[in-house]
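Read-outs throughout are calculated quantities, based only on the coordinates presented, and are distinct from any laboratory measurement. Predicted model only: the values in this text are computed from it and were never measured. With ideal geometry, Cβ positions are generated from the backbone for all residues, glycine too; neighbour counts draw on all protein chains shown.
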Amino acid sequence: MRLFLALDLDAPARACAVEVQGRARRAPALRNVTVRWVRPESLHLTLAFLGEVDADRVAPIARAAAEPWRHAPFRVELASAEAAPRSGAPRTLWLSVSAGRAALAHLHADACARMGPLLSAPVDPRPPGHVTLGRLRRAPRSSGRPVRDAVAGLAVPAFGWRVDSVVLYQSRLASGGASYRPLARAPLGCVILDAVP
Ligand code: 2AM
């Protein structure tokens, strides 16, 4: 089973991301390439991709993901759309995190420590930093410059939301795009607020 931990956008942030998708769709440079847009209900910030996991490991992973996170809720802000990678053929359109990076890195490190012992391969150590809006299908290298310019020109107003939980999702790949099924959810905020003897 293909699993990942993610942070859900709240409804207003989701609406902002959908609005950016809509403007990107209409950009002339993007009409010449095929983009598989992430459906509104599937927009998320990947905290940690856990990869393909054997069936017998799913229950312990779900139990671990359902444990409260010892991390205060925090605000994430997104600003600026980008086409990645920054050179060569573009493959992904995303919104970059502009605020909340340190908290995200900390939560990601917690997720790696919690999930690592339950997985057969290590979790990608790079901290998360974007929300994917769409994936390009076989875009030619020559489309890189116009696509990057068009995406950079979208003038995304900063928007964000308060992260207060982590969700374990199963990713199901299909010809119409991936769909994500929540398997476990746990709140942030289980912190000791003062020195406890
Ligand atoms: P993305 O937001 O960077 O695109 C579910 O598939 C999520 O896991 C995707 O949103 C994607 O994050 C991430 N993901 C998928 N395959 C991955 C891989 N091979 N390595 C790291 N992250 C991956």
For a label point 7 angstrom out from the Cα of ARG138 toward its Cβ, which stretches of the stretch 66-101 have the backbone nitrogen within less than 16 Å? 89-91
Can you list residues whose amide H is under 5 Å from PHE159's amide H, if they're 5+ apart or on another chain and H is modeled 1.01 Å from N? LEU78
Hey, what do the phi angles of the stretch 164-177 turn into as Karplus ³J(HN,Hα) couplings, whole Hz, using 6.51/-1.76/1.60 and θ = phi - 60°, x for Gly and Pro? 10, 7, 10, 10, 8, 10, 9, 9, 10, 7, 8, 5, x, x
Over its Cα atoms, what ratio of radius of gyration to 2.2 N^0.38 Å does the stretch 72-197 give? 1.28
Treating the beta-carbon of each Lys and Arg as +1 and of each Asp and Glu as -1, no other charges, what is the dipole magnitude of the stretch 107-176 about its Cα centre, to the nearest 20 debye? 420
Extend 7 Å from the Cα of ALA15 along its Cα-to-C-beta direction; within the stretch 145-178, residues with backbone N under 17 Å of that point are 157-162
Would you mind working out the magnitude of the charge dipole of the stretch 1-97 relative to its Cα centre, with +1 at each Lys and Arg C-beta and -1 at each Asp and Glu C-beta, to the nearest 20 Debye? 460
For the stretch 134-146, just list the computed ³J(HN,Hα) in residue order, Karplus coefficients 6.51, -1.76 and 1.60, θ = phi - 60°, integers in Hz, with x standing in for Gly and Pro. x, 10, 8, 9, 6, 6, x, 3, 5, 7, x, 4, x
Assigning unit charges at the beta carbon (Lys, Arg +1; Asp, Glu -1) and nothing else, what dipole magnitude in debye, to the nearest 20, does the chain show about its Cα centre? 1000
Rounded if a/c under 1.5, otherwise prolate or oblate - the stretch 22-139, Cα gyration tensor axes: prolate
Virtual spin-label span in nm between ALA155 and ARG2, 7 Å along Cα→Cβ: 3.7
Using the Karplus curve 6.51 cos²θ - 1.76 cosθ + 1.60 with θ = phi - 60°, what ³J(HN,Hα) values do you get for each residue of the stretch 19-28, in whole Hz, with x for Gly and Pro? 5, 5, 4, x, 5, 4, 4, 8, 5, x
Stretched out fully, how many nm does the piece from ARG39 to ALA64 gain, at 0.36 nm a residue minus the Cα gap? 6.2 nm
